[in-house]
1. Any chance you could run the full-extension gain for residue 152 through residue 272? It's 0.36 nm times the residue separation minus the Cα-Cα distance, nm to one decimal.
2. Would you tally the net charge around residue 219, using a Cβ to Cβ cut-off of less than 15 Å, leaving residue 219 out, and scoring K and R as +1, D and E as -1?
3. May I ask which residue of 231, 95, 243 lies farthest towards the positive end of the charge dipole of the chain, with charges of +1 (Lys, Arg) and -1 (Asp, Glu) on Cβ and the Cα centre as origin?
4. No solvent, one uniform scatterer per C-alpha: report log10 I(q)/I(0) for segment 229-274 via the Debye equation at q = 0.19, 0.28, 0.30, 0.32 1/Å, two decimals.
5. Work out the length of the dipole vector of the chain about its Cα centre, built from +1 on the beta-carbon of each Lys and Arg and -1 on the beta-carbon of each Asp and Glu, and round it to the nearest 20 debye.
6. How much of the calculated P(r) for the chain lies past 24 Å, in percent of all Cα pairs?
7. Of all trypsin sites (Lys or Arg not before Pro) in segment 147-240, which ones are in loop regions per DSSP and have a Cβ with at most 12 other Cβ atoms within 10 Å?
8. So which lysines pass the test for residue 122, namely a Cα distance under 26 Å, with those fewer than 8 places away in the same chain ruled out?
Amino acid sequence: MSKNGEVGFKIAVADGLLLYYDQFSFYSQKVVMALHEKNLPFDSKRVNLTKTEQYQPWFLYLNPRGEVPVLQDTGKIIVDSANIINYLEDNFNHWDTPRLIPMDQGPEVRQRVTHFRHVLQKAPAGMLTTGAVLNQHLLQNPKTPFIGPVRKSLAKAEKNAGSKLRKIADNNPDVKEVLLKKAEESEERYMKLCVERNFRGVLEQVHVILEEVEAELAKHTRDKEDWWLCSSRFTIADVELAVLLARISQLGLEYVFWSGGRRPSIEKYYERVKLRDSYKKTFPGTLVMFKTLFMSMVVR
């Protein structure tokens, strides 16, 4: 957008679904997994967060908050992962496109799916990730992409995020207010999570969520042994849970939340969910992920 308020960009209209995302973004991963679960073909355009491409003018035109993911369906633009998944559910539910909120298993299942979706959406994923890279002594066996050099780079990026956002805001007057607010939030988050006690408070929030999940999974005995979180079918609640567990595992916090017998039902569930095609497509193998990560960080 130009400084005089005129639109300086046009949305390139493409056939089908086009996802603007970063494969290492927690919220992008939810949408990618949902798309694969629904067997929906889509094109994608990477918005490299390590190079702050989400704050380039062309992307701010799509989403003034500078956040991924963004879904384009021909001329429609949908932002926010929850809104995108709702859009997919409302508009793509033909016979070969499974619903992630079952409509034929009764109101009790729908209510359970909706409940756990909302519970899991409260997980402070951003705070968890930032706190982990700022309190690395609490991590055990972190995995790609959160290996040592990346954690160091992320910690530095978190420290400088506020000042960088303020500079970007000065060059984008149309979204200056939004970006300045994000800068303030970023600085407050950094100062808070540098303190280990505060990060442990974030861990406790996740404990509360996973305790309810563990209790629900523990009910699945006998004729329900092959159930997922809420149903015999894989639902949107499972997408939410799978992506959260993957992030916890990658950060090196499994030992805090479920391994070693702490939450055996979640541990069993996670081993099972990793076998799903949608999971494998959302979280590629270590070699592929490392190569992508390395290329994304070259010459910033």
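Since every read-out is calculated from the coordinates, none of them should be taken as a lab result. Just so you know, these numbers come straight off a predicted model, no measurement behind them. Using ideal geometry, Cβ is built from the backbone for each residue, glycine included, and neighbour counts are taken over all protein chains shown.
1. Working: separation 120, 0.36 × 120 = 43.20 nm, distance 3.18 nm.
That pair, residue 152 and residue 272, stretches by 40.0 nm at full extension.
2. On the way: positive: 112, 222, 224, 263, 268; negative: 108, 211, 212, 214, 216, 223, 225, 226.
Value of the local net charge: -3.
3. Among 231, 95, 243, the one farthest towards the positive end of the dipole of the chain is 243.
4. -0.57, -1.08, -1.18, -1.25
5. Roughly 980 debye, rounded to the nearest 20.
6. Numbers: 24840 of 44850 pairs.
The share of Cα pairs beyond 24 Å in the chain comes to 55 percent.
7. Working: sites: 151, 152, 156, 159, 164, 166, 167, 176, 181, 182, 189, 192, 197, 200, 219, 222, 224, 233; in loops: 219, 233.
Those that pass, being in a loop and sparsely packed, are 219.
8. Straight-distance partners of residue 122: 30, 38, 143, 159, 181, 182, 192, 219, 268, 274, 280, 281.
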